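Readers should treat all values here as calculations from the given coordinates under stated rules, not as data from a laboratory. What you see is a predicted model, and the numbers here were worked out from it, not measured in a lab. Glycine also receives a Cβ, built like all others from the backbone with ideal geometry; neighbour counts cover every protein chain displayed.
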Amino acid sequence: MNPGTTPEKAGHTAVLADPKDISSHIRGEKGMVVLFEMTSCPFCRMFEERFLDFAQSGARDLEFLRVTIDDPGNPLWARYDIHNVPTVIVFANGKITSRLDSVPFFGISKKKWAEFCAGFK
């Protein structure tokens with residue numbers, strides 16, 4: 001199997017080896033919570049623990065995926081209208097059902113994340 005199409009497991013989340021393969025992972029009926037992040041982003045690193053905690057909480061019937069989009073030319077920035085990272089987008093059947101965008105130079109606050117997660121419990 002092509003390693004670019006099989007996400008690596010990291011706890012209860014999967015880390016996509018090749019971000020271009022995201023479409024095959026978001027088509028299912030089960031909700032897919034996707035964290036878009038950058039390696040060099042300090043706000044992403046601070047948010048990572050909260051994302052992983054939510055993934056491990058057994059929230060509804062959701063799956064979790066982390067996608068690193070370090071390349072500014074990556075088409076996922078435009079495809080999903082991502083302006084800042086971290087950004088969390090929930091997909092079902094290939095369509096966006098919910099999203100939480102970070103605030104520039106701040107990230108995602110604990111309060112906003114708690115409100116977002118409450119909708120899935």
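Going by what's in this entry, would ASN84 be described as touching a residue at least 60 places away in the same chain (Cβ under 8 Å) and surrounded by fewer than 19 Cβ atoms within 10 Å (Cβ to Cβ)?
Answer is no for this residue.
Based on what the data block shows, is TRP113 closer than 20 Å to ASP21 by Cβ and either touching a Cys at 6+ places or on another chain (Cβ under 9 Å) or not in a strand (DSSP E or B) (or both)?
no
Among the listed residues PHE54, PHE64, PHE36, which satisfies the condition of being in contact (Cβ under 8 Å) with a residue 24 or more places away in the chain, within 11 Å of the chain's Cα centre (by Cα) and farther than 19 Å from ASP81 by Cα?
Exactly one of PHE54, PHE64, PHE36 is in contact (Cβ under 8 Å) with a residue 24 or more places away in the chain, within 11 Å of the chain's Cα centre (by Cα) and farther than 19 Å from ASP81 by Cα, namely PHE64.
For region 41-88, what are the residues that are hydroxyl-bearing (Ser, Thr, Tyr) and not in a loop (DSSP other than H, G, I, E, B)?
Result: THR68, THR87.
Against the conditions (1) surrounded by 11 or more Cβ atoms within 10 Å (Cβ to Cβ); (2) touching a residue at least 12 places away in the same chain (Cβ under 8 Å), where does ASP71 fall short? Just the number, please.
(2)
Starting from region 90-112, keep only residues that are over 17 Å from ALA55 (Cβ atoms), then list their pairs with residues that are part of a strand (DSSP E or B) and among the basic types (Lys, Arg) whose Cβ atoms are within a distance under 7 Å, requiring at least 6 positions of separation or different chains.
none
Applying the selection to region 89-106, what residues are in a strand (DSSP E or B), surrounded by fewer than 16 Cβ atoms within 10 Å (Cβ to Cβ) and hydrophobic (A, V, I, L, M, F, W, C)?
ILE96, VAL103, listed by residue number.
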